[in-house]
Amino acid sequence: MTYQSFYSRFLKANEGKQHYACHSHYYWPDVTRDAVLDYWDDSATYADEKWGFFFQTLVPELQRHIARTLNTSHPEQIVFASNTHELLYRILSCFDLSAPLKVVTTDAEFHSFHRQIHRLNEQANIELISVPTEPFDSFSARFEQAIVDNAPHLVFFSQVFFNSGYYVQDIERIVATVTNPERLVVIDGYHSFMAKPVDLSRLESRVFYLAGGYKYAQGGEGVCFAHVPKGCSLRPSYTGWFAELGALDKPRAGEVQYSQDGMRFAGATMDFTALYRLRAVFNLFEENDLTVEAINAHVEALQQTFLQKLDALKHPLLHRSALMIDNEATRGHFLTFKLPNAEVTASLAAQLREQGILTDYRGDRLRFGFALYHCKDEINLSALNDCTG
Ligand SMILES: Cc1ncc(COP(=O)(O)O)c(C=O)c1O
């Protein structure tokens with residue numbers, strides 16, 4: 001089956017290009033354009049009443065879609081923000097940042113966390129334990145051991161690492177090693193949400209899960225979310241007026257009140273256009289019975305075809321032995337090739353771009369992502385022969 005008709009506008013606007021940067025920024029389905037106009041129309045219709053309208057219609061619908069995708073039974077635990085950094089900082093603000101704080105994380109977290117935690121780490125009270133993701137085969141065991149050895153206040157890790165594509169399968173085992181219920185676990189799911197099937201059913205009262213619309217969820221920038229553990233009574237000090245919508249905690253003298261559900265981690269006024277776009281994508285997929293399992297199968301088949309075509313080329317830089325993750329079962333939706341150095345990588349990516357092959361790179365790693373709008377027959381790597389870095 002081809003899904004290209006969903007993306008006719010982006011595909012037409014980029015005719016002749018092979019877009020392998022979808023793991024960074026997915027093309028938007030056509031329905032998202034109508035969604036932007038719907039947002040405008042609803043804003044005009046409801047004017048001053050629009051927030052009530054959004055919170056009664058849009059927000060619960062989107063929460064339902066996301067909860068179903070994560071297989072959680074508590075849609076009301078989903079809270080939105082414009083980016084994951086805001087939600088992350090709100091979680092961090094639950095700690096007394098002047099008291100001792102131990103954090104176990106990895107050496108492969110995206111900048112939103114990496115930069116922020118390293119900035120905080122400039123304070124003497126923070127102890128940061130950063131577990132190398134490589135070698136990948138032993139990552140989970142080493143990460144679990146670091147948690148057991150250090151009993152951290154916060155555990156933060158990605159389900160798929162952005163700089164390799166390694167997919168952590170055993171998240172439940174990792175989370176189980178955090179035995180003290182007071183300690184926080186945050187999973188960065190940006191590269192797994194809507195790409196790999198995710199099942200938080202047994203973790204929904206235990207973990208924060210962060211993701212957003214810019215990548216595989218295809219709603220574009222401006223719509224990120226956190227699943228907040230059911231029963232969470234934390235009181236983020238970085239808080240805005242959205243956090244007191246709905247039923248509130250019992251009032252306590254001298255204390256600010258919070259919503260009882262995920263909204264306790266909300267901020268303040270934001271542009272909901274992106275939420276309209278994301279809802280339109282979910283509705284499109286629902287109407288077409290398109291599940292994450294089917295998306296994943298489509299992408300795995302594309303990766304296999306791409307690698308077979310690459311085998312035939314015998315390219316000096318791009319070949320299976322340069323692949324960071326060879327095992328499909330532990331790989332996200334992009335292939336990462338480790339090249340001799342950052343200069344060669346940048347130069348190869350630029351040469352590919354000139355040939356209409358769009359990729360992206362991080363240091364010495366070149367990434368090729370695969371999407372619903374790709375089709376096996378259209379993978380054409382012959383131009384690679386002219387690109388040697
Ligand atoms: C693993 C991961 N987390 C988060 C993000 C986005 O972070 P933010 O929403 O803070 O911009 C990205 C974006 O590329 C990412 O790769």
S98 meets each of (1) more than 16 Å from the ligand (Cβ to nearest atom); (2) surrounded by 15 or more Cβ atoms within 10 Å (Cβ to Cβ); (3) free of Cβ contacts under 8 Å to residues at least 40 places away in the same chain with one exception, condition (2)
If L87 passes every condition in (1) touching a Leu at 6+ places or on another chain (Cβ under 7 Å); (2) more than 16 Å from the ligand (Cβ to nearest atom); (3) not polar (S, T, N, Q) but one, which one does it miss?
(2)
Would you be able to tell me the number of residues in segment 302-357 that are touching a residue at least 12 places away in the same chain (Cβ under 8 Å), more than 16 Å from I379 (Cα to Cα) and hydrophobic (A, V, I, L, M, F, W, C)?
13
Residue among Y166, Y89 that alone is under 30 Å from R279 (Cβ atoms) and either in contact with a Phe, Trp or Tyr (Cβ under 9 Å, 6 or more places away or on another chain) or acidic (D, E) (or both):
Y89
All-but-one check, W28 against (1) open to solvent by less than 20 Å² (accessible area, probe 1.4 Å); (2) away from the ligand (no atom under 16 Å from the Cβ); (3) not in a helix (DSSP H, G or I), failing number (1)
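Yes/no per residue for (1) over 21 Å from A294 (Cβ atoms); (2) open to solvent by 20 Å² or more (accessible area, probe 1.4 Å); (3) within 16 Å of the ligand (Cβ to nearest atom):
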{"residue": "P181", "(1), (2), (3)": "yes, yes, no"}
{"residue": "L200", "(1), (2), (3)": "no, no, no"}
{"residue": "Q218", "(1), (2), (3)": "no, no, yes"}
{"residue": "K230", "(1), (2), (3)": "yes, yes, no"}
Assess whether T72 counts as being in contact with a Ser or Thr (Cβ under 8 Å, 6 or more places away or on another chain), open to solvent by less than 30 Å² (accessible area, probe 1.4 Å) and within 16 Å of the ligand (Cβ to nearest atom).
no
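Any residue in segment 45-54 that is of a type in the set (S, T, Y), surrounded by fewer than 20 Cβ atoms within 10 Å (Cβ to Cβ), closer than 17 Å to D271 by Cα and within 16 Å of the ligand (Cβ to nearest atom)?
The first filter runs over segment 45-54 and keeps only residues of a type in the set (S, T, Y), leaving 45-46.
If we keep only those that are surrounded by fewer than 20 Cβ atoms within 10 Å (Cβ to Cβ) as well, we get 45-46.
Retained after the next criterion (residues that are closer than 17 Å to D271 by Cα): 45-46.
Narrowing the set further to residues that are within 16 Å of the ligand (Cβ to nearest atom) leaves none.
No, the conditions are met nowhere in segment 45-54.
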Could you list, in sequence order, all residues of segment 105-127 that are of a type in the set (A, V, I, L, M, F, W, C), at pLDDT 95 or above and open to solvent by 40 Å² or more (accessible area, probe 1.4 Å)?
F110
Considering only segment 155-178, how many residues are open to solvent by less than 10 Å² (accessible area, probe 1.4 Å), in contact with a strand residue (DSSP E or B) (Cβ under 6 Å, 6 or more places away or on another chain) and within 16 Å of the ligand (Cβ to nearest atom)?
8
Does H191 qualify as being touching a Gly at 6+ places or on another chain (Cβ under 8 Å), away from the ligand (no atom under 14 Å from the Cβ) and either under 20 Å from F110 (Cα atoms) or small (G, A, S) (or both)?
no
Might you let me know whether segment 223-239 holds any residue that is within 12 Å of the chain's Cα centre (by Cα) and either closer than 27 Å to D326 by Cβ or in a loop (DSSP other than H, G, I, E, B) (or both)?
yes
Those residues of segment 109-139 that are more than 20 Å from I91 (Cα to Cα) and within 14 Å of the ligand (Cβ to nearest atom) come to a total of 1
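The values are calculated or read from the model by the stated rules, or taken from the named source; none is laboratory data. These numbers were taken from a predicted model, which means no experiment stands behind them. Cβ: placed from backbone, ideal geometry, glycine included. Neighbour counts: every protein chain shown. The accessibility values were calculated without ligands, DNA or RNA, using every heavy atom of the protein model including side chains. Shrake-Rupley method; radii C 1.70, N 1.55, O 1.52, S 1.80 Å.
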